[in-house]
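The values are calculated or read from the model by the stated rules, or taken from the named source; none is laboratory data. Note that the coordinates shown come from a computational prediction; the quantities given were computed from them, not determined experimentally. Note that each Cβ is placed from the backbone with ideal geometry, even for glycine, and that neighbours are counted across all protein chains shown.
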There are 2 protein chains.
Amino acid sequence: MSESTEAYLQIGEVAERTGVTQRTLRFYEEKGLLRPPSRMDGGFRLYSEDDVTRVAHIRRLQNLLGLTLAEIKEMVEAEEMLQELKAQYRPEADISEKRRQLQEAIGVVTRQLGIVSQKAEQMSEMKEQMEERLRTFERWMTELEQIERKAPVA
Amino acid sequence: MSESTEAYLQIGEVAERTGVTQRTLRFYEEKGLLRPPSRMDGGFRLYSEDDVTRVAHIRRLQNLLGLTLAEIKEMVEAEEMLQELKAQYRPEADISEKRRQLQEAIGVVTRQLGIVSQKAEQMSEMKEQMEERLRTFERWMTELEQIERKAPVA
DNA sequence: CCGAGACTTTACTTCTACGTCAAGGTTATG
DNA sequence: CATAACCTTGACGTAGAAGTAAAGTCTCGG
């Protein structure tokens, strides 16, 4: 096989490399989170490295931000737009349309950034609380040990 | 009614104050996330202020960290332990047992802190990436506007 | 050209975290 | 003591995010 040009991956490999199941990959495709990949003549899906990256991204959005797949879809579509704009940045056609797209992309990212910032902040707060709690525990432990030293277990 | 001594709350009030439904409160109880509250003679649940706090805590763990209720239960049980230790800190009985409990609590909190720290860090990373992305978008927008100024829309 | 293993779609199932009645008991108040 | 407002348990339903099984198709190495 020509494993040189672009190194396409079958679903099994993508699954292995991303840590999700094949079912999940098909599911994401079905839900519009992954663009339908190209196919071999026989119908086998052929993914690109970009797809692998995207899956990783999706998972991070899920795990870190706890977004639903519907919400993630929105985010992913903004990425999509970015890619498109990047690609066809030369053809100077229809600038006002590009402006519109760009404006929307900025809106989406701004909202997302808001979410992330807020969560990040709350997270830090929580972290400090837990550190404080841990210090308390450890102080108690020290005290307990001192008591034990004075009056050892029978 | 004696609304003086401890100000117990019925499930409706707790629901209102915590922003979750009554169903959710019963559900959390069922799942062991909330200790079964005391009851009136007729069977109505009577919650304490502590319960309200705990529900808020549970919700934060859900929203911020995206933990499952099963995972949250573990965390909440550590809190429980903390409360217990705090309460019966005077009776000097069975110090080695207390030590054991304390040690376990420290372990749990340490693990939790690990999770939170990691997530917080990843969150910051993500935030920076998004800020970077946003700057890129805005730079492009500026460029587009300059182009438009030179060659206005027909 | 053939068989093992990878892949396809379709369909049904599971799990979590509740929502939504239903039918009836309790409490506070006029 | 009536009655509205509140609560009880129980049972069934649902949305999101996949898991699993079935039955058939494709690919590739030998």
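Please determine, by comparing only the residues of the stretch B:137-154 that are within 8 Å of chain A (Cβ to nearest Cβ) and modelled with pLDDT of 90 or more, which one is nearest to the chain's Cα centre (by Cα).
The selected residue is B:Glu138.
Among the residues of the stretch B:32-73, count how many are away from chain A (no Cβ under 14 Å) and either within 16 Å of the chain's Cα centre (by Cα) or away from DNA strand D (no atom under 13 Å from the Cβ) (or both).
13
Report the residue count in the stretch B:66-84 for those that are at pLDDT below 90 and within 11 Å of DNA strand C (Cβ to nearest atom).
Summing the residues that are at pLDDT below 90 and within 11 Å of DNA strand C (Cβ to nearest atom) in the stretch B:66-84 gives 1.
Any residue at all in the stretch B:123-145 that is farther than 30 Å from A:Ala78 by Cβ and assigned to a helix (DSSP H, G or I)?
Within the stretch B:123-145, none of the residues are farther than 30 Å from A:Ala78 by Cβ and assigned to a helix (DSSP H, G or I).
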